[in-house]
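Down below is the structure, laid out as structure tokens.
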Amino acid sequence: MSEPLYFDSNATARMRPEVREEFQEALLRVRGNPSSLHGPGRVARHMLDEARERIAAALEVHEDELVFTSGGTESNNLALLGALRPLAARRGLAISPIEHSSVLGPARALQRAGRTLRLLEVDVSGTVRLESLREALDDASMALVSIMAANNELGTCSPLDDIATVLDTAAKRPLWHMDAVQALGRVPLKLRALRVDLASFSLHKVGAPVGVGLLYRRSGVGLEPLMYGGEQEHGLRPGTENVAAAVAAARAVELALGELEQHRQRLRTLGILLWGELVSKLPHLRLLGLPVDHPRRLPGTLNILSPGLEGKVLVMRLDLEGVAASAGSACASGSLEPSHVLKAIGCSDEEARSGLRLSCGRETRAEDVHRLVEILWRTLKSRT
Ligand code: PLP
């Protein structure tokens, strides 16, 4: 059986061959626990330190500012809960309403614990309204603002420079947490220049093994751990570190950032090709978010509406045709609820169940796009 056409790269990416090779070597080399004082322990410690230094160099941050986690979900939880819990109960937070559920979840938990949670407004493209951010900042009790770099469902990137400027002009600047999971390797991210305080990454999205993520914590930002019981990762993430996965992740990040410009140009071209072919054959389709060639579109990610057809039904039909796509975020795709992201940009419940997310990746070729369009046309033409 031939491989499915994979258009779900925002959910995860296959491990890159160069990463697999370095992962295997590291698995063979590592024997000790990095906290052990003996030789094998020191070897493991050295491997972990080196992996962290390589990632820090690629991200242009200091190695002490990086905490290894299990992925994006844990990093987001650690950022929000870890930053807010040590603060006085009157301190609140503001988030965009299109954040991933791993930001919404801890934000709602903090709200249940009595903190003020403010949802910022977004426009029809999913871009945060700067005016709404300014209003939120008038409230000096705001301790943290969480605004993602790129939305996983819509493929809308945030105006990062503008957000940084608005935050800087606040009378009392809150911390900025940025979920950078979808942006890594696809959007240039200058964490220092943007004065980001906390940023979450999930490294399987760039071809590292699943189970390794990062939280960037600008030096000086106070954080409380979610778990207790060890001093690993500055006490912020206790438990024996996954050394081989960290080494593999270092390779994946170096490759992703080294190839950033070429990769984003390739993805952009594929996205434009895909939408151009789709809309010429199926003019009833609607593209959500920004225009396909807009500079703030996450390259290679499209969310399309085929009115009257549930996204999940379409995903299942496409699966039968050998196409892997998604009806929104992978973690919510088992639910019957309409997408909170599509609802936030003004879609009705029915529309918010009709989104089909197509996301291209490193392995996507132009001929895959032609085949996908042909299959979608066959699947949808009866509905035009
Ligand atoms: N944040 C965003 C924007 C995501 O797209 C995802 C996963 O799709 C996550 C966080 C969670 O990452 P993980 O599944 O690796 O925990």
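Its Cα centre serving as origin, the chain has a Cβ charge dipole (Lys and Arg +1, Asp and Glu -1) of approximately 320 debye. The shape of segment 231-384 can be summarised by an equivalent ellipsoid whose semi-axes, obtained from the alpha carbon gyration tensor, come to 32, 21, 15 Å from longest to shortest. Using only the Cα atoms of segment 1-107, build the gyration tensor, take square roots of its eigenvalues as a ≥ b ≥ c, and label the shape rounded, prolate or oblate: rounded if a/c is under 1.5, else prolate if a/b is larger than b/c, else oblate. Taking the square roots of the gyration eigenvalues as a ≥ b ≥ c, segment 1-107 is oblate.
Normalised by the number of residues in segment 1-127, the mean separation of alpha-carbon contacts (under 8 Å, six or more apart) gives a relative contact order of 14 percent. Mind checking which of 191, 211, 82 is farthest towards the positive end of the chain's charge dipole, using Cβ charges of +1 (Lys, Arg) and -1 (Asp, Glu) about the Cα centre? Ranked along the dipole, the leading option is 82. Remark: 139, 368, 64 ranked as 64, 139, 368, counting other beta-carbon atoms within 10 Å and listing the fewest first. Here the contact order of segment 17-258, divided by its residue count and restricted to Cα pairs under 8 Å and six or more residues apart, works out to 28 percent. Counted over the chain, the DSSP beta bridges are approximately 55% antiparallel. Per-peptide packing, taken as the mean over residues of other Cβ atoms within 10 Å, places 140-146, 260-266, 226-232 in the sequence 140-146, 260-266, 226-232 from highest down. Please get the size of the charge dipole for segment 210-259, origin at its Cα centre, with Cβ charges of +1 on Lys and Arg and -1 on Asp and Glu, quoted in debye to the nearest 20. It works out to roughly 80 debye. Would you mind checking which residues have amide H under 5 Å from residue 120's amide H? H placed 1.01 Å from N; only 5 or more apart, or other chain. Counting only residues 5 or more places away or on other chains, the set is 95, 96.
Using the Karplus relation 6.51 cos²θ - 1.76 cosθ + 1.60 with θ = phi - 60°, the per-residue 3J(HN,Hα) values for segment 50-67 come to 5, 4, 5, 5, 5, 5, 4, 5, 5, 8, 6, 10, 8, 4, 6, 8, 10, 10 Hz, with x marking Gly and Pro.
Shown in residue order for segment 106-121 are the 3J(HN,Hα) couplings computed by the Karplus curve 6.51 cos²θ - 1.76 cosθ + 1.60 at θ = phi - 60°: x, 5, 5, 5, 5, 5, 4, 7, x, 8, 6, 10, 10, 9, 6, 8 Hz (x for Gly and Pro). Partners of residue 381 within straight-line reach, counting lysines whose Cα lies under 24 Å from its Cα and excluding those fewer than 8 residues away in the same chain: 281, 312. Considering helices alone, the calculated mean residue ellipticity of the chain at 222 nm is -12000 deg cm²/dmol, with DSSP H runs of length four and up weighted by -39500 (n - 2.57) and normalised per residue.
Put simply, the convex hull of the Cα atoms in segment 206-281 casts, on average, a shadow of 8.0 nm². Under 5 Å from the amide H of residue 185 lies no amide H of any residue 5 or more positions distant or on a separate chain, with H modelled from the backbone and absent for Pro and chain starts.
By the count of neighbouring beta-carbon atoms within 10 Å, fewest first, 304, 272 end up ordered 272, 304.
The slack in the chain from residue 281 to residue 226, taken as 0.36 nm per residue of separation less the alpha-carbon distance, amounts to 14.7 nm. Scalar couplings 3J(HN,Hα) for segment 227-233, obtained by applying the Karplus form with A = 6.51, B = -1.76, C = 1.60 to θ = phi - 60°, are 10, 10, x, x, 9, 4, 6 Hz; x denotes Gly and Pro.
For the chain, the calculated P(r) over all alpha carbon pairs, in 10 Å bins from 0 to the bin holding the longest distance, is 5, 23, 31, 25, 13, 3, 0 percent. Residues whose amide H lies under 5 Å from that of residue 326, counting only those 5 or more places away or on a different chain, are 357; hydrogens are built 1.01 Å from N in the peptide plane.
Only the coordinates and a few stated rules stand behind these numbers; no lab work does. Predicted model only: the values in this text are computed from it and were never measured. Heads up, the Cβs are rebuilt from the backbone with ideal geometry, glycines too, and the neighbour counts pull from every protein chain shown.
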